[in-house]
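**Q** Please read through the structure below; I'll follow up with questions.
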Amino acid sequence: MTTTESKRAKGSSEFSEHAKAAAKAAVRQWKSLLPDDFWHYGREARRETVLALRSAVNTLIDRLEPAPTDTPPKPRSTRKAKVEVE
């Protein structure tokens, strides 16, 4: 690697680190503008949404499974049925 390439790679790395730090700072600033209750209720809302989805999936699974019956199903015969020929 030449010195020019080395400087370019180092500059690129410094830039990406600076960009990441700036993004984290921006997120912290936005979060500070809203009260803690907002974030708490947002987490609770996400939790309730996931619980609702789980309930819907469980209902769909229950519909796919056959309902239990009191009598077991009759076994199917593997024998060929006799056909009367005239």
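The values are calculated or read from the model by the stated rules, or taken from the named source; none is laboratory data. A quick note: this is a predicted structure, and the numbers were derived from the prediction, not measured. In this analysis, Cβ positions are derived from the backbone assuming ideal geometry, glycine residues included, and neighbour counts consider all displayed protein chains.
**Q** Would you confirm, using the coordinates I've provided, whether residue 4 is part of a helix (DSSP H, G or I) and either at pLDDT below 75 or exposed (fewer than 10 other Cβ atoms within 10 Å of the Cβ) (or both)?
**A** yes
**Q** If I ask for residues that are assigned to a helix (DSSP H, G or I), hydrophobic (A, V, I, L, M, F, W, C) and surrounded by 10 or more Cβ atoms within 10 Å (Cβ to Cβ), which ones from the range 28-40 would you list?
**A** 38, 39
**Q** Is it true that residue 49 is modelled with pLDDT under 95 and β-branched (Val, Ile, Thr)?
**A** no
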